[in-house]
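Novice: Can you keep this structure in mind? I'll have questions shortly.
The values are calculated or read from the model by the stated rules, or taken from the named source; none is laboratory data. Bear in mind the structure is a predicted one, so any value in this text is a computation, not a measurement. Cβ placement follows ideal geometry from the backbone for every residue including glycine, while neighbour counts extend to all protein chains displayed. Surface areas here come from the heavy atoms of the whole protein model, side chains and all, with no ligands, DNA or RNA. Shrake-Rupley method; radii C 1.70, N 1.55, O 1.52, S 1.80 Å.
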Amino acid sequence: MAHPNSLHGIDKSGRRKPVVSAQGYELCERHILELSRIFFVSFGQPETQFWMKAFCWAEKLYPAPAGATVAQAVLRMLNEMRTARPHTFKYTDPRCVNCSAFMTSEEKYMMDMLCHLRKNAGAKAHLSAMLLCEGSDPTALLAAGRNLVAVINEHCLADVHKAQLH
């Protein structure tokens, strides 16, 4: 979806946003970011029922029933984060191709937390979770993040295999 904002890579304070492709995320991690963004649209615009797109897209990425399992794990983590945060999460609208190349600082914290959890870097994951929760208790978020990591690690091998075939 196009919009009049020509400054896709600049935040409201004038700083450059991180570029997704420069972060070194694995394919499955980029999928988690995309699924999260789709859910965020649905949270902000419930009338769109955009959450259905998240489940349909996940089911195309992963064989049944893995797609629904991945999408549900992402949704659980996002809900724990939303419950803990006192402020609204800033996200990039996945419907804008130009915007999708960039990340908000909140998206970067979320992805950093997941990547740290995948690497068993608990202290770094905890710090990212604290930033996401804006100082609130990150315990439930970290538990949901660990669950998501277990789910994506189980299904990411299929992801990597698919990428190698193409």
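Novice: May I ask you to list the residues in the range 132-146 that are buried (at least 18 other Cβ atoms within 10 Å of the Cβ) and either in contact with a Phe, Trp or Tyr (Cβ under 8 Å, 6 or more places away or on another chain) or not small (Gly, Ala, Ser) (or both)?
Specialist: Across the range 132-146, the qualifying residues are LEU132, CYS133, PRO138, LEU141, LEU142.
Novice: Report, ordered by the first and then the second residue, all pairs with beta carbons closer than 7 Å, sequence separation of six or more or different chains, a first member in the range 132-157 that is closer than 15 Å to GLU80 by Cβ, and a second member that is hydroxyl-bearing (Ser, Thr, Tyr) and open to solvent by 10 Å² or more (accessible area, probe 1.4 Å).
Specialist: LEU132/TYR109; VAL151/THR69
Novice: Given the structure, is PRO63 without any contact (Cβ under 8 Å) to a residue 40 or more places away in the chain, over 22 Å from PRO138 (Cα atoms) and over 16 Å from the mean Cα position of the chain (by Cα)? Walk me through it before giving the result.
Specialist: Working: without any contact (Cβ under 8 Å) to a residue 40 or more places away in the chain: no; over 22 Å from PRO138 (Cα atoms): yes; over 16 Å from the mean Cα position of the chain (by Cα): yes.
Answer is no for this residue.
Novice: Pairs under 6 Å by beta carbon, first residue without any contact (Cβ under 8 Å) to a residue 40 or more places away in the chain in the range 21-50, partner outside any helix (DSSP H, G or I), six or more apart or different chains?
Specialist: If the second residue must be outside any helix (DSSP H, G or I), the pairs left are SER42/PHE50.
Novice: More than 17 Å from ARG76 (Cβ to Cβ), modelled with pLDDT of 90 or more and either open to solvent by 70 Å² or more (accessible area, probe 1.4 Å) or among the β-branched types (Val, Ile, Thr) (or both): does that describe VAL19?
Specialist: Working: more than 17 Å from ARG76 (Cβ to Cβ): yes; modelled with pLDDT of 90 or more: no; either open to solvent by 70 Å² or more (accessible area, probe 1.4 Å) or among the β-branched types (Val, Ile, Thr) (or both): yes.
Answer is no for this residue.
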